[in-house]
Amino acid sequence: MKDPTSRYGSPALWLLAAAIFLSSLLGWFAADQYRNAIPLAEENLRGLSLSLSAAVETLAVKDPSLFALKDFRTRDLAYLALLDRDGKILYHSNNSLVGTTVPDQRFVPVFSSAETVAGRTRLGTGEEIYESNSPVHSSGQVMALRLALHTYRADAVIRRARLDVFVVFSLLTTAWIMGVFLYRFSLRAEAHRQEMTRRERLAQLGEMGAAIAHEIRNPLSGIKGYAQLLQETTGCQDDGDPAGLIVAESLRLERLVNDLLVFVRTMPPPVSSARIADVLHRSLDMIAADAEGQSITVTADLVDHLQVRGNGDELQQVFLNLFRNALQAMPGGGSLHVRLRSEKGAAVIEIRDTGHGIPEQEWSRVFVPFVTTRARGTGLGLAICRKIVEQCGGRIQLVASSANGTTFSVMLPLCGK
Amino acid sequence: MKTGRCIFLVVLLMAGILLLPSFAQAFWGFGGDASRERSGLDFDSGYDRNTETTLRGKVVAIEQGEGSDPVMIMVRQGREEFQVVAAPAWYWSDGGISLKPGDELVVTGSKAQGKDGKIYLISRIISNLSDRENVTLRDESGKPGWHGGTRMRHGTAGGQRRMGGGGRRR
């Protein structure tokens, strides 16, 4: 089991924080540009209306009949009108409106406080325009000049800023998507690298183990044989006498060598299948006597019909190892529960005991060969389990462990899946 | 790996929402395809006498709309081009005058600049000088014939006669 904090260690967190900071900075910059563009456009329109007002006033002074305004045209001008203090139109770019009265009162401050009133409003066509009402003096008479300006050209800065915001946010979104892809890719590459390192290490270990096992096996048989002969000769069958101790230790060494040979053996992918409930029943029968001797209650909840890919004898070894570990974790009695169910095209076997549990710092290493928490353990049991299960295309994991017990889960693909 | 997948899905979801057509139009201001939406103008009942003007030019192209879409006439005057908004297609098909590219037109209408930067002329009277026909689509206040204003009137060199039209049919 992998320590979940290692993946999101401080470098990744720092990188994420930096990315969020930079994204926020760019987002803020784009939004600020957009916010500043609006007053800039207003300033442009204000400047334009002041220039046009000055030009109109000059023409009105030169020609008090206002006839000269007839040819006054600019690209940004929607219309212009000169009003008296009653709102009556004295001049209008649409000549047919001269003599009528404007329906609004927006010109009133021009006469009451001699100030220019300007802002955006909407015409009957739906177009948004910039309208300014300013005082104009001609022949001793004060008039209100109403200028309506198209905003399209002045609003170019706003449109540009809006486009910038769009581009920045699109780039940021793309960058984040790519970043997530790269992050996922790097995680996979790292997992692959670790797996390759593990396999390489196991291969080296296997070569060394196989050599040692072969060298030990023959002399060990001799030692065990002579010790058993000595036991028979002396007639003492007690494990406490020296010959008995030699036999017991020889048997332990023999198990270690056998485990080692199983562990290093190259196994081809399984071609056979096994009825997993039968395998579990056989394994449970084999530990039944030991469980009873230790006052351990064994219960099983097994779905009967599941057929998995794998060799029955090898799978039996997996469950025997797991069950024996469970029994060893409950020296003072307890309960062992085995559950088999079908889930997403796989058989899932859950083995739960009420033993003393595995220390948290050992969780990530329980399947590593030669790592054991027991004084006389070989540290190969769970490593062998993992090897056999993975060979069958399955997965074994330590689901949970505490002072109240441990739960292991084995997932094996069903036949034909 | 689960956290990575969650981040990935959240980013995808955000990108999807931002690029949804309706959301994009509201957020970014793009996405509509009809000229009415692009211009931001009210072609159906919009009119403003303040900007009423008369222009003369040649027909460059005619875009026949469908149903309530307006018939649009592109008119060139010197180096400038105007989009003349005539009337909804259903109303125009009832008795609009015949137009073809190259015809000389005189159009009186309310001038407006759309959000797309184009100059539109929401027409009140269209006169085809080539065929010596004219049609009145709105009354003097700008109320359209299809909304109960002055009915569509045709005129010729010899005078004017009433044609169909009237209230909205659909």
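So here's what we get for this one:
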| quantity | calculated |
| --- | --- |
| Qualifying residue in segment A:45-58 (condition: touching an Asp or Glu at 6+ places or on another chain (Cβ under 8 Å) and in contact (Cβ under 8 Å) with a residue 24 or more places away in the chain) | yes |
| Residue count, segment B:83-122 (criterion: within 14 Å of another protein chain (Cβ to nearest Cβ) and within 13 Å of B:I62 (Cβ to Cβ)) | 3 |
| Residue tally, condition closer than 23 Å to A:L336 by Cβ and part of a strand (DSSP E or B), over segment A:390-417 | 16 |
| Any hit, segment A:129-140, residues being open to solvent by 50 Å² or more (accessible area, probe 1.4 Å), modelled with pLDDT of 90 or more and either outside the structural domain of A:S49 (by TED's automatic domain parsing) or of a type outside the set (D, E) (or both) | no |
| Considering residues of segment A:109-120 that are open to solvent by 40 Å² or more (accessible area, probe 1.4 Å) and either within 13 Å of chain B (Cβ to nearest Cβ) or under 60 Å from the mean Cα position of the chain (by Cα) (or both) only, the residue nearest to A:A55 (Cα to Cα) | A:T116 |
| Cross-chain or 6+ apart pairs with Cβ under 8 Å, segment A:276-289 first and in contact (Cβ under 8 Å) with a residue 40 or more places away in the chain and more than 19 Å from A:G394 (Cα to Cα), then surrounded by 15 or more Cβ atoms within 10 Å (Cβ to Cβ) and charged (D, E, K, R) | A:I287/A:R324 |
| Condition broken by B:G114, with the remaining ones in (1) modelled with pLDDT of 90 or more; (2) out of contact with any helix residue (DSSP H, G or I) (no Cβ under 7 Å at 6 or more places or on another chain) satisfied | (2) |
| Hits in segment A:295-319 - residues which are assigned to a loop (DSSP other than H, G, I, E, B), at negative phi and surrounded by 15 or more Cβ atoms within 10 Å (Cβ to Cβ) | A:L306, A:N311 |
| Check on B:D131, surrounded by fewer than 21 Cβ atoms within 10 Å (Cβ to Cβ), at pLDDT 90 or above and among the acidic types (D, E) | no |
| Yes/no for A:A37 being farther than 29 Å from B:I122 by Cα, within 12 Å of another protein chain (Cβ to nearest Cβ) and in contact (Cβ under 8 Å) with a residue 24 or more places away in the chain | no |
| Qualifying residue in segment B:47-55 (condition: part of a loop (DSSP other than H, G, I, E, B), at the interface with chain A (Cβ under 8 Å from one of its Cβ atoms) and at pLDDT 85 or above) | yes |
| Residue identified as open to solvent by 40 Å² or more (accessible area, probe 1.4 Å), part of a loop (DSSP other than H, G, I, E, B) and at the interface with chain B (Cβ under 10 Å from one of its Cβ atoms) among A:R106, A:R162, A:R153 | A:R153 |
| Qualifying residue in segment A:11-25 (condition: polar (S, T, N, Q) and modelled with pLDDT under 90) | no |
| Residue match in segment A:343-366 (condition: over 23 Å from A:D301 (Cβ atoms), buried (at least 19 other Cβ atoms within 10 Å of the Cβ) and at pLDDT below 85) | no |
| Residue among A:L336, A:L340, A:L322, A:L280 that is crowded, with 19+ Cβ neighbours inside 10 Å, more than 15 Å from A:P413 (Cβ to Cβ) and under 34 Å from the mean Cα position of the chain (by Cα) | A:L322 |
| Residue satisfying condition, being open to solvent by 70 Å² or more (accessible area, probe 1.4 Å) and within 12 Å of chain B (Cβ to nearest Cβ), within set A:R188, A:R184 | A:R188 |
| Whichever residue in segment B:130-155 is more than 14 Å from chain A (Cβ to nearest Cβ) and touching a residue at least 40 places away in the same chain (Cβ under 8 Å) and, among such residues, is farthest from the chain's Cα centre (by Cα) | B:H154 |
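Residues checked against (1) among the aliphatic types (A, V, I, L, M); (2) within 28 Å of the chain's Cα centre (by Cα); (3) within 30 Å of B:K115 (Cβ to Cβ):
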{"position": "A:E131", "(1), (2), (3)": "no, no, yes"}
{"position": "A:Q141", "(1), (2), (3)": "no, no, no"}
{"position": "A:L149", "(1), (2), (3)": "yes, no, yes"}
{"position": "A:Y152", "(1), (2), (3)": "no, no, yes"}
{"position": "A:D155", "(1), (2), (3)": "no, no, yes"}
{"position": "A:I158", "(1), (2), (3)": "yes, no, yes"}
{"position": "A:S170", "(1), (2), (3)": "no, yes, yes"}
{"position": "A:H192", "(1), (2), (3)": "no, yes, no"}
{"position": "A:I216", "(1), (2), (3)": "yes, no, no"}
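The values are calculated or read from the model by the stated rules, or taken from the named source; none is laboratory data. Every value quoted in this text rests on a predicted model; they were computed, and no experiment measured them. Neighbour counts are summed over all protein chains in view; Cβ atoms, including those assigned to glycine, are modelled from backbone coordinates with ideal geometry. Just the protein is used for accessible areas: all its heavy atoms, side chains included, with ligands, DNA and RNA removed. Shrake-Rupley method; radii C 1.70, N 1.55, O 1.52, S 1.80 Å.
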